[in-house]
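**Student:** Please find one structure pasted underneath; my questions will follow.
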Amino acid sequence: MRACLESVGRQEGVDFETIVVDNGSTDGSADMAESEFRARVIRNRENRGFCAANNQGIAAGRGEFVALLNNDAEAEPGWLAALYRATTRAAHVGMAASKVLVWEDPRRIDKVGHLIFPDGQNRGRGSGALDEGQYDREEEVLWPDGCAALYRREMLERIGGFDEDFFAYGDDAELGLRARIAGWKCIYTPEAVVRHHRGATLGKDSARRLELIERNRVLLALKLFPWSLLWLNPLFFAARLAAGAVAAGRGTGDTAHFPGMRGKFSMAGALVRGDLAALRMAPRMLRKRREMGRIRRLAPAEVRRLILSNRLSLRDVA
C-alpha cells in the first residue's frame with residue numbers, strides 16, 4: 001500500500017485527487033494513507049468487495065475521469081497523464097488500458113488490455129509473454145484491467161458503475177463489455193506503465209478465488225452475451241475444461257497452483273460451488289439482461305463479432 005501511494009504521489013502532468021477506500025483493514029493502512037499521504041480515506045467496517053469499494057470511490061470523486069489503481073500495483077510517473085491523453089483523443093473513448101508488467105519480473109507482461117473466451121472466462125492480453133515491444137503501439141482493445149485503468153465519468157453515469165453482485169473478479173470484464181455494448185471504446189496506451197503483484201489479493205492457490213472467477217464468468221455470460229453464444233456456453237466450457245485437463249497432465253497452466261489429487265479435488269469443488277452460486281443468482285442476472293435495452297447500442301450480432309474477434313485461444317485460456 002505504501003509503495004502504491006508513493007507511486008501515485010510521483011504522477012506528473014495532470015491534476016488529480018487521491019481517494020483510498022479501505023475495506024475493513026486492521027493493520028493501520030487507512031491511518032497511514034491519511035496521515036502520510038493526505039489521501040481522502042473512505043473507511044468501511046467490513047470488506048464490501050472490489051465492486052462496492054470502487055463505486056464508493058467513484059461517487060466521492062470530483063474529476064471528469066476516474067483512475068483505478070489496486071494497492072498491489074505501482075505506477076510509473078507518467079502513468080496517469082498517458083491514460084488521460086489516450087482517453088481524451090476522441091469523445092467516444094470511455095476507457096483506457098495500461099501496460100501492466102509483472103512486478104516480480106518486469107520483463108514479462110501481466111496484461112495489456114483483455115481478451116475473452118466464448119464461455120465468459122477472460123484473461124489479460126499478452127499475459128506471461130516477454131515484453132519485446134510487440135505491444136508498444138497505441139490501439140483499441142476490448143476493455144482495461146481494473147487493477148490500473150481510466151474511465152470517463154460521463155460513461156459511468158450513463159451505464160452505471162461496477163455490478164456489486166460480482167463482489168470481486170471478472171467485475172472489470174462485466175463493466176467493460178457493458179460499456180462496449182453501450183457504444184463506448186477502449187484505448188490501450190503503452191506509455192501508461194504499471195507493475196503489478198499477480199494474484200496478491202487472495203493468492204493464485206485460493207479455492208475461494210477460483211470459485212468467484214467461475215461464478216462471475218457465468219453471471220457475465222447470462223447478463224451480456226447474445227443468445228447465439230449463450231446456448232453454446234456449455235460446449236465452450238467443456239472444451240476449456242478438457243484443455244485444462246491436458247495442461248494438468250503436463251503440470252502447467254492454472255492447475256499447477258493446485259498440486260496433487262487433493263489440489264485437483266479442491267479445484268473441482270470450487271468450480272461446482274461457483275456454478276451453483278451462479279445458478280442461484282441467474283434470475284437476478286436475467287432481469288439485469290432485460291434492463292440492458294436502455295443503454296444498448298450494439299445489436300446482438302455485433303456483440304457476438306466483438307467477442308469472437310477478441311477471443312482467447314484455447315491454449316491461452318488453459
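**Student:** Which of the lysines could a cross-linker bridge to Lys185, judged by Cα under 19 Å and excluding same-chain residues fewer than eight apart?
**Tutor:** Of all the lysines, those that pass the test against Lys185 - Cα under 19 Å, at least 8 places apart if same chain - are Lys99, Lys111.
**Student:** For the chain, with every protein chain kept in place, what is the accessible area per residue (1.4 Å probe, Å²)?
**Tutor:** On a per-residue basis, 47 Å².
**Student:** How would His197, His92, His114 line up by accessible area, probe 1.4 Å, largest first?
**Tutor:** Sorted descending by solvent-accessible area, the residues read His92, His197, His114.
**Student:** What is the projected area of the convex hull of the Cα atoms of region 15-127, averaged over all directions, in nm²?
**Tutor:** It is 9.3 nm².
**Student:** Still on this structure, please answer the following. With every protein chain in place, what's the accessible area of Tyr84 (1.4 Å probe, Å², nearest 10)?
**Tutor:** 90
**Student:** Right, something else. If I ignore ligands, DNA and RNA and count only protein heavy atoms, how much of Ser309 is accessible to a 1.4 Å probe, in Å² to the nearest 10?
**Tutor:** Only protein atoms counted, so the area is about 90 Å².
**Student:** What base-10 log of the normalised intensity I(q)/I(0) is obtained for region 156-230 from the Debye formula, alpha carbons as equal point scatterers, at q = 0.21 Å⁻¹?
**Tutor:** Log-scaled intensity ratios, in q order: -1.08.
**Student:** Report the charge-dipole magnitude of region 78-190 in Debye, nearest 20, computed about the Cα centre from +1 at each Lys and Arg Cβ and -1 at each Asp and Glu Cβ.
**Tutor:** Rounded to the nearest 20 debye, it is 460 debye.
**Student:** At 1.4 Å probe size, with no ligands or nucleic acids counted, give the accessible surface of Arg40 in Å², nearest ten.
**Tutor:** Using a 1.4 Å probe on the heavy atoms, I get roughly 120 Å².
**Student:** May I pose another question? If I compute solvent accessible area with a 1.4 Å probe over the protein chains, what percent of it on the chain is carbon and sulfur?
**Tutor:** Of all accessible area on the chain, carbon and sulfur atoms account for 51 percent.
**Student:** Quote the charge dipole size of the chain about the Cα centre in Debye, to the nearest 20; the model charges only the Cβ of Lys and Arg (+1) and of Asp and Glu (-1).
**Tutor:** 1460
**Student:** Obtain the radius of gyration and the Kirkwood radius of region 77-180 from its C-alpha atoms and give Rg over Rh.
**Tutor:** Looking at region 77-180, the ratio lands at 0.96.
**Student:** Given the C-alpha atoms of region 40-89, compute the convex hull and give its volume per residue in Å³.
**Tutor:** Roughly 101 Å³ of hull volume per residue.
The values are calculated or read from the model by the stated rules, or taken from the named source; none is laboratory data. All values derive from a computational prediction rather than experimental measurement. Every residue, glycine among them, receives a Cβ derived from its backbone with ideal geometry; neighbour counts consider all protein chains shown. To get the accessible areas, we keep the full protein, side chains included, count just its heavy atoms, and leave off ligands, DNA and RNA. Shrake-Rupley method; radii C 1.70, N 1.55, O 1.52, S 1.80 Å.
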